Every structure is written in C-alpha cells, then in structure tokens.
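Have a look at the structure below, then the notes.
The values are calculated or read from the model by the stated rules, or taken from the named source; none is laboratory data. Only a predicted model underlies this, so the values are computations on that prediction, with no experimental measurement involved. Neighbour counts run over all protein chains shown; Cβ positions are idealised from the backbone, glycine included. Remember, those area values only see protein heavy atoms, side chains included, never the ligands or the DNA or RNA. Shrake-Rupley method; radii C 1.70, N 1.55, O 1.52, S 1.80 Å.
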Amino acid sequence: MGVRDFVVRAAARRPRVLLVTTPGGTRVRLAAEKELRCRGWAVASTPAGADLLLVAGPDRAASASELDRLWDDMPRPRVRLRVTAPDEVPSALDAGRARLGETEHGRHPQGHGTHADMPGGRPMAQLGEDRDGLTLDRLHVSLGPFLADWPAGLVVRVVMQGDVIQRARLGEPYATGPACPFWSRPWSRASAGERVPLAQAARRRAAAHLDSLGRLLSVAGWPAEAVTARRLRDDLLERAPVNALLPRTVRLARRVGRSRTLYRLTRGIGPLTAADARAAGVSGPAARAGGDVPARYRQWLSDTVDAVDSLRRLDGDATPLDPVTHESPRGRWDPDRPPSTALAALLPRLLEGTELAAARLVVASLDPDPDELAVRRPEVARG
C-alpha cells in the first residue's frame with residue numbers, strides 16, 4: 001500500500017470536516033455540529049486540515065467565490081458537500097465519507113475571484129507609520145466571511161501593522177438573508193402578531209447565549225467547555241426536561257464564570273461601558289454587562305441560568321411573548337433594526353488598536369448574528 005492509499009483510507013475512516021455556514025443555515029449548522037460530535041469526527045479549523053468541506057445552508061451566489069477559495073486550499077483527497085436541511089446531514093456525511101474512499105482524479109472547480117497580487121488572494125504589504133511613528137509594513141486583510149468560530153458571513157476589513165489592527169471597517173453584508181433569523185424567530189413571529197409561548201422564547205434565548213459562549217470558549221482555546229456549552233444548547237432546543245438542564249447549566253456557569261485562567265486571558269479586552277453601549281443603540285447582554293470580554297461572557301452565563309430557571313414555571317404555561325418587553329438574545333427586538341445591527345457597528349471602534357488574537361475575542365464576545373444583519377443591509381453598511 002502506497003502513501004497515497006494510506007492517506008485516503010485514513011481520511012475515509014474518520015474525515016476531518018470544515019463546516020461552513022451560509023446565511024440562513026443556522027439550523028443546518030446546529031444539526032451538523034451535533035452529528036459530527038456524535039460521530040467523533042474532528043472539525044477542522046482551516047482548509048489545509050480538512051478532508052470534507054460541508055457547506056450548511058442555502059446556496060448564495062454572493063458566497064460562491066469565497067467557498068471556491070476554501071475548496072482550492074484543501075489538500076487531496078477531498079470532498080465538497082452542501083446540505084440545506086437538518087435531516088439531510090447524516091446521509092450527506094455518509095456519502096462524503098464513501099466518496100473519500102475513492103481515488104480522486106482532479107475533479108474540482110477552478111479557483112476564481114483572486115483579485116490580489118500574491119498567492120491565495122492576499123494583497124501585497126505597503127509601508128506606513130505605526131502608532132509610534134515608525135515606518136512599518138501595512139497589510140490589508142479581510143476577516144471573514146468564513147472563519148472557524150466566527151459569525152458566518154460577517155466580514156471585517158482591517159489594515160494591520162504587525163499583529164496590531166490600525167483601521168477596521170465592516171464589509172458589506174449579504175444582500176439577501178433569511179426572512180426570519182433562527183435565533184430571533186420567536187420575537188419576529190410575535191411582532192407579526194403570532195401568539196408565541198414565553199417558554200419557547202426563554203429556551204431560544206438561553207440556547208443562543210450558549211451558542212455564543214461555545215464560540216467564545218473555542219476562540220479562547222477551551223474546547224472541552226465549548227463542547228459542554230454546545231451539548232447544553234442542543235438539549236435546550238430539543239426541549240429536554242428542566243430538572244436535568246438546570247444543574248448542568250449552573251455547573252457550567254460556575255466553571256466558566258470562576259475560571260481564573262479564562263479571566264486573565266480575556267480581561268481588559270474590548271472594554272465597552274454601559275453608557276457607550278446605550279449611546280450606540282446596543283441593548284441586551286452587551287449593554288447590561290458594561291465592561292470587557294469577561295463581563296460579557298459572565299452576563300451570558302447569568303442570563304442563561306435565569307432563563308433556564310424560569311422554565312420551571314413557564315413550561316406548560318400559555319403566557320405569550322411580548323416582543324417589546326422581553327429581550328431577544330442580542331437585545332431589544334426591532335424588526336426594522338435588529339439588535340445585531342448596533343453590535344456590528346461597534347466592531348470597528350473596538351477592534352482598532354487591538355492585536356489579532358484579541359480582536360477574535362472581541363468579535364466572539366459581541367457575536368452579532370449575520371442573519372439579522374442581512375435583514376437590514378442599508379443600516380449596517382452605513383454603520
């Protein structure tokens with residue numbers, strides 16, 4: 001058996017999957033994360049470490065060039081899949097593994113959309129003065145739309161000198177997105193006049209916070225607790241009994257909230273006072289936290305425990321959701337200006353002057369929902 005055959009067989013036994021989500025694909029992404037976790041398949045963080053490219057969500061023409069670039073960067077053997085419905089995930093993964101077992105004969109789309117001067121589409125560095133008046137190379141880089149543990153579809157264009165971001169601005173969000181974003185769906189439906197049980201909204205809000213927390217913990221380098229948060233998220237969405245959920249939620253809150261290592265790693269990063277947040281139109285956990293990254297993830301933990309605890313009296317109760325008085329996961333719901341709009345608009349100011357690793361933590365701690373951004377494209381573009 002040659003080296004190539006060995007690699008093919010190893011990849012086919014337990015593929016490493018690069019999971020990419022397109023706008024409107026949150027439900028599929030959640031199903032894929034759970035299925036991969038149950039199978040014990042590794043989730044790759046870069047194209048170079050992946051055997052399978054799994055695109056979760058509807059086909060969006062605007063993302064075609066970025067997806068092709070990821071595909072071009074993947075080593076062979078490789079397989080590309082698209083899943084548009086949660087129940088398609090298991091069969092698609094089975095099919096992908098079977099195809100990996102076959103020898104590939106160069107069947108892949110040609111890369112396109114390379115607009116820059118260096119391999120991989122990265123622009124040439126240019127000289128400029130840094131904050132200390134020294135002349136250093138400046139590099140123009142786009143963060144997103146598809147990075148591991150990054151809000152899918154979000155693009156931030158930055159100018160870097162060394163590891164420090166000198167300037168940042170939001171890229172254009174996708175022109176079309178889901179009519180009803182997954183995480184804020186109960187509020188969207190209630191705003192349209194539908195009677196939505198308050199318990200359903202509480203579960204969705206708690207699950208959304210756990211989803212954001214899992215992303216932050218993964219960026220911070222704590223994958224074990226990220227998995228714990230995501231398991232709890234999935235159980236909440238599947239309406240697991242509250243008596244089983246609450247103790248696990250409290251244990252997670254204690255472990256993460258009291259972690260000195262995580263606190264030391266993230267303290268002082270991305271400070272945002274409550275007054276500045278309100279002035280920027282931000283509501284919800286980020287505004288109530290009134291502080292840095294640790295303040296925000298601790299606010300998520302506190303809100304999640306409260307939401308799960310409230311299910312003990314809300315489950316089985318027909319009390320309807322009032323979308324005005326009850327917050328959506330990312331703040332006060334306004335169908336004309338979803339709360340993620342203000343969160344995203346804050347990013348350039350908070351990112352400038354930070355190192356790249358800290359910038360990833362800032363983005364993860366605010367976690368604007370790109371599905372909400374696509375709903376109101378003009379406002380975000382101006383922000």
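A few remarks follow.
- Total formal charge among the other residues, if their Cβ is under 10 angstrom from that of L154, Lys/Arg +1 and Asp/Glu -1: -2
- With the simple spin-label model, which puts each label point 7 Å out from Cα in the Cβ direction, the R312 to D137 separation comes to 5.9 nm.
- Which of T228, V242, A253, positive extreme of dipole for the range 215-278 (C-beta unit charges): A253
- The amide H of T21, built 1.01 Å from its N in the peptide plane, has A56 as neighbours under 5 Å, considering only residues 5 or more places off or on other chains.
- Share of carbon and sulfur in the accessible area of the range 171-243 stands at 48%, probe radius 1.4 Å.
- Gyration tensor verdict on the range 12-84 (Cα atoms; rounded if a/c is under 1.5, prolate if a/b is larger than b/c, oblate otherwise): oblate
- In this structure, the amide hydrogen of R16, modeled 1.01 Å from its nitrogen in the peptide plane, lies closer than 5 angstrom to those of D51, L52, counting only residues at least 5 positions away or on a different chain.
- Near T325: Cβ cut-off under 14 Å, other residues only, Lys/Arg at +1 and Asp/Glu at -1. The net charge is -1.
- Formal net charge of residues neighbouring A359 (Cβ-Cβ distance under 11 Å; K, R +1; D, E -1): -2
- About the Cα centre, charge dipole magnitude for the range 165-216 (Lys/Arg +1, Asp/Glu -1 at Cβ), debye: 120
- Sequence-distant residues sharing a close amide H with G291 (under 5 Å, placed H): L272
- Shape category assigned to the range 175-265 from the gyration tensor of Cα positions, a/c cut at 1.5: oblate
- Net charge dipole, the range 268-383: roughly 280 debye, given to the nearest 20, about the Cα centre with Cβ charges of +1 for Lys and Arg and -1 for Asp and Glu.
- Centre separation in Å (Cα based) which lies between the range 219-261 and the range 53-79: 31
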